[in-house]
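Worksheet: one structure, shown below.
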Amino acid sequence: MTGRILIVDGVPTNRIVLRVRLSSAYYEVLQAGSGADALLSVRLQRPDLIIAAADLPDMTGEALCQQIRALPVAPDTPVILIHPAPDRPQRMRALAAGADDMLSRPVDELVLLARLRSLLRARHAEDELRLRDDTRRALGLAEPPAELQCPARVAVVPVQADVSVKAVVGTLRTRLPDRFEICSPDEALRLAGGAPEVFVIVDTGSVAGAGLSLLTQLRATPPYRQSAIVYVTRAECRHEAASALDLGANDLLADGFDAEELVLRLPKQIARKRTADRLRSNMRDGLRAAVTDPLTGLYNRRYVLPHLTRVAERAIEKARSYALLLLDLDHFKTINDAHGHAVGDAVLIEAARRMSANLRPSDLVARIGGEEFLVVMPDTSENTALLAAERLRSVISKTPFTVPGLPEGGRQVTASIGVALPRRSRTEPPEILLDRADRALYVAKNSGRNQVALAGGDCALLAADPVGPPPRAAAAGP
């Protein structure tokens, strides 16, 4: 099923006819004969969308809308009201009560199904973003502070309008706090100053559907892909109205360019757009937080291990080598003990900065433990890896760390580094290579620290400035 829809109507025949139509379109259909039954169904069965008669036995459709909007489980559930012969005041009252649209009876099946597809598409997309946001919160990632909401930017694009667009926009400016601008279709596709929150395409002229190509172009243009689009057309253009919804319009004015109706519809579109933007931003921030060390800004173990697997697979495909550098700051605990953890954190940040500034763009450095760092170097020979390791050892030990909290003149910090490359005789899993780099690091530590050790082979003595014990390249066992 493509969605669960609740039909609310006091007339059984009306419910049956609509149920048959929706079931044939592969929707799961629920039914209620009164507003009270509908509210109970909303609480228990959580429909994706509600279609309700405007004249229920126990309440009006507008009252039902207001009560649905007040339910914690369904404040954003789309609601369509159906009236035997709605006039403009009734439509305005329905929109003001929270309805997404009001259709006349008998219901135009073409427009109804297009409207359902549009509303459910938006609902499912927002539900998915909310699910990811809930996962982000479950991981302990805090909600970012709410931003100050500034007036929205709305671009009104007349394609072949038969009304005074300036007059309608003038009314909108007096009724809404948002910034309105009028632009041609060509200008709409290359607006300066970023994407507007909403495009209003006014297509009410004699040629039906003239604005559909612009709608398609806006949806295909990356900067405007997330902008809301309100399509304005004429009542007799039912096929074009349905096409607009299926091509990506978020809302539809089927009875012309009505300022009063836009005053009711635009705030909802702006709010939905901003909610979706916030959820997407939260998801991106959550993904970054999940793979980033918050102290140093480097990648963490969660990111670097899958990255290492990809580098290893690529190395096999390209028949090239790669290298791992496992680096540990020497006697780091003494810094924390003598000067406090805040100073220790500052030392880690500075060490991360020095390492990042002395590696290639293709190399990846990650913090994988307290004072332990892993460098993944793709397309790297043994000689290049050893030179890089010695360069990192030198940039850490050569210049004293002068972070706040340390005595004047700073403090000397050194690092030991284990280097490992895949054996040429066979391919080996990345975790084995990481274990060999770890053993090489222990060799460097046991050889007096401030050393570079190569796993499974010998290497020449590397030039270095002595700090503490004289540095050398040690050899680790296989």
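Some observations on this one:
- Residue selection: Val375 fails the criterion of being assigned to a helix (DSSP H, G or I), at pLDDT 95 or above and under 20 Å from Lys445 (Cβ atoms).
- Residue match in region 351-366 (condition: in contact with a Pro (Cβ under 8 Å, 6 or more places away or on another chain), closer than 17 Å to Phe332 by Cβ and at pLDDT below 95): no
Residue-wise test of (1) assigned to a helix (DSSP H, G or I); (2) in contact with a Phe, Trp or Tyr (Cβ under 9 Å, 6 or more places away or on another chain); (3) more than 25 Å from Glu240 (Cα to Cα); (4) modelled with pLDDT under 95.
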site	(1), (2), (3), (4)
Leu6	no, no, yes, no
Gly10	no, no, yes, no
Gln31	no, no, yes, no
Gln67	yes, no, yes, no
Leu81	no, no, no, no
Pro86	no, no, no, yes
Arg91	yes, no, no, yes
Pro106	no, no, no, yes
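- Filter result (open to solvent by 30 Å² or more (accessible area, probe 1.4 Å), over 20 Å from Val107 (Cα atoms) and in contact (Cβ under 8 Å) with a residue 24 or more places away in the chain) within region 27-47: Asp37, Arg43, Gln45, Arg46
- Residues that are assigned to a helix (DSSP H, G or I) and open to solvent by 80 Å² or more (accessible area, probe 1.4 Å) were ranked within region 164-177; the one that is nearest to Gln226 (Cα to Cα) is Arg173.
Listed here are the residues, each with its yes/no results for (1) at pLDDT below 95; (2) touching a Gly at 6+ places or on another chain (Cβ under 9 Å); (3) over 20 Å from Arg153 (Cα atoms); (4) not basic (Lys, Arg).
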{"residue": "Thr221", "(1), (2), (3), (4)": "yes, no, no, yes"}
{"residue": "Tyr231", "(1), (2), (3), (4)": "no, yes, no, yes"}
{"residue": "Cys237", "(1), (2), (3), (4)": "yes, yes, yes, yes"}
{"residue": "Leu253", "(1), (2), (3), (4)": "no, no, no, yes"}
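- Count - residues of region 402-430 that are in a strand (DSSP E or B) and surrounded by fewer than 20 Cβ atoms within 10 Å (Cβ to Cβ): 1
- Annotation note: Cβ proximity below 6 Å between a residue of region 290-312 that is among the small types (Gly, Ala, Ser) and a residue that is part of a helix (DSSP H, G or I) (sequence gap 6+ or interchain) occurs for Ala312/Pro430.
- For Tyr322, the stated conditions do not hold, so it cannot be described as under 29 Å from the mean Cα position of the chain (by Cα) and touching a residue at least 40 places away in the same chain (Cβ under 8 Å).
- Number of residues in region 75-117 that are of a type outside the set (Ser, Thr, Tyr), touching a Pro at 6+ places or on another chain (Cβ under 8 Å) and surrounded by fewer than 19 Cβ atoms within 10 Å (Cβ to Cβ): the value is 1.
Residues checked against (1) assigned to a loop (DSSP other than H, G, I, E, B); (2) of a type outside the set (Gly, Ala, Ser); (3) in contact with a strand residue (DSSP E or B) (Cβ under 7 Å, 6 or more places away or on another chain); (4) surrounded by 14 or more Cβ atoms within 10 Å (Cβ to Cβ):
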| site | (1), (2), (3), (4) |
| --- | --- |
| Gln269 | no, yes, yes, yes |
| Ala276 | no, no, no, yes |
| Leu279 | no, yes, no, yes |
| Arg310 | no, yes, no, no |
| Ile316 | no, yes, no, no |
| Asp328 | no, yes, yes, yes |
| Asp337 | no, yes, no, no |
| Glu350 | no, yes, yes, yes |
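- Residue in region 4-19 that is on the phi < 0 side of the Ramachandran plot, open to solvent by 10 Å² or more (accessible area, probe 1.4 Å) and within 36 Å of the chain's Cα centre (by Cα) present: yes
- Taking strands (runs of 3 or more DSSP E) as the structural unit, no element lying wholly within region 178-264 holds at least 3 residues that are without any contact (Cβ under 8 Å) to a residue 40 or more places away in the chain, out of contact with any helix residue (DSSP H, G or I) (no Cβ under 7 Å at 6 or more places or on another chain) and over 29 Å from Ser104 (Cβ atoms).
- Restricting attention to region 364-395, the residues that are closer than 21 Å to Ala289 by Cα and either open to solvent by 20 Å² or more (accessible area, probe 1.4 Å) or free of Cβ contacts under 8 Å to residues at least 12 places away in the same chain (or both) total 6.
- Restricting region 217-240 to residues that are closer than 21 Å to Ile182 by Cβ and of a type in the set (S, T, N, Q), the residue that is most open to solvent (accessible area, probe 1.4 Å): Gln217
- For region 12-26, a residue qualifies if it is assigned to a loop (DSSP other than H, G, I, E, B) and farther than 16 Å from Val111 by Cα, and exactly one does: Tyr26.
The values are calculated or read from the model by the stated rules, or taken from the named source; none is laboratory data. Note that the structure is a prediction, hence the values are computed from the model and not measured. FYI the Cβ positions are ideal-geometry reconstructions off the backbone, even for glycines, and counts take in every protein chain you see. The area values use the complete protein model at the heavy-atom level, side chains included, leaving out ligands, DNA and RNA. Shrake-Rupley method; radii C 1.70, N 1.55, O 1.52, S 1.80 Å.
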